[in-house]
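These notes are about the structure you will find just below.
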Ligand SMILES: [Zn+2]
């Protein structure tokens, strides 16, 4: 694996016995304002590059977890089913390349055992399905079990007006409960090292996960912590359905992770994949110590 790993050129991190690789789920550009919700532009524009169109680059870095017992995909990128109009609307800058990235590790989409979408927005669930030869959407990870929170799946099946704009039915085609879909309600220990938990906040059934192995740990809070620029509990995004819940979860969990020196894993950051949580001296705020930079995927 070591040789493959260095040849793969994919960013990677080891947490005890669990290897993490970041995969290229595509890059889009979106208006920077909503990505920082109530934060004034004068503050957020110091942290990211803003174009004349007010847009900022947003990566969608899915993760592959290789544990001693399973190969797990966390979120799935934007997929490759967008129409030309959608690609223009979301300013797709780099296409979805997860199958190609997996092949650099000697793997195929059929080798994946479990898929854990943090939630059902198109930028996380777009890669769950892809078009077959007949142009019909089918599950990308054909052998995998997909794990959703019950509260999230209920919205997928019956989206309200706000969710309908980002929960696209074609992203869930072919997912059937009891066959390749498992619905959980709250905490779920998926392997001895990986635990899922319900966060809510960004969406009603948003889930995060923690990895614990050999005394090392990492946490992924999905869109409750989309990038290193969202560490401050009050820096929430306008797409959060329940922002007060996001603030409460960050205030509760980030100091815990800092005390444990856990790695925080990022999905939307364009510069780093992960950073080690640290408490700022004499404060309750969190900063990052060591970080894992993004190489060219
Ligand atoms: Zn997102």
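Where a ≥ b ≥ c are the square roots of the eigenvalues of the C-alpha gyration tensor, would you call region 153-245 rounded, which needs a/c under 1.5, or, failing that, prolate if a/b is larger than b/c, or oblate? Oblate. By definition, a body whose alpha carbon gyration tensor gives a ≥ b ≥ c is rounded when a/c is under 1.5, and region 2-293 falls into this rounded group.
Ranked by the mean number of other Cβ atoms within 10 Å per residue, highest first, peptides 209-220, 130-141 order as 209-220, 130-141.
Rank the residues 76, 45, 8, 290 as a footprinting-exposure proxy: fewest other Cβ atoms within 10 Å of their Cβ go first.
Arranged by neighbour count, lowest to highest, 76, 45, 8, 290 become 290, 45, 8, 76.
Ordered by the number of other Cβ atoms lying within 10 Å of each residue's own Cβ, fewest first, 227, 293 fall into the sequence 293, 227. Simple spin-label estimate for residue 182 and residue 110 gives 2.3 nm between the two label positions (7 Å along the Cα-to-Cβ direction from each Cα). Rounded to the nearest 500, the helix-only mean residue ellipticity at 222 nm of the chain stands at -5000 deg cm²/dmol, with each DSSP H run of n ≥ 4 adding -39,500 (n - 2.57).
Among DSSP bridges having both ends in the chain, what percentage is antiparallel? Round to the nearest 5.
Working: 44 of 57 bridges.
About 75 percent, rounded to the nearest 5.
What separates the Cα centres of region 201-234 and region 141-158 is a distance of 19 Å.
Rounded to the nearest 0.05, what FRET efficiency is calculated for residue 87 and residue 136 with R0 set to 25 Å and r the Cβ-Cβ distance?
Numbers: r = 20 Å, r/R0 = 0.79.
Once the sixth-power term is evaluated, E becomes 0.80.
Relative to one another, the C-alpha centroids of region 237-297 and region 61-140 are positioned 24 Å apart.
Which order do the peptides 22-33, 188-199 take when ranked by the mean count of other beta-carbon atoms within 10 Å per residue, highest first? Intermediate results must be reported in sequence, preceding the final value.
Values: 22-33: 22.0, 188-199: 18.9.
Going by the mean number of other Cβ atoms within 10 Å, highest first, we get 22-33, 188-199.
Values in this text are rule-based calculations from the coordinates and carry no lab data. Every value quoted in this text rests on a predicted model; they were computed, and no experiment measured them. Positions of Cβ are backbone-derived with ideal geometry, glycine not excepted, and every protein chain shown enters the neighbour counts.
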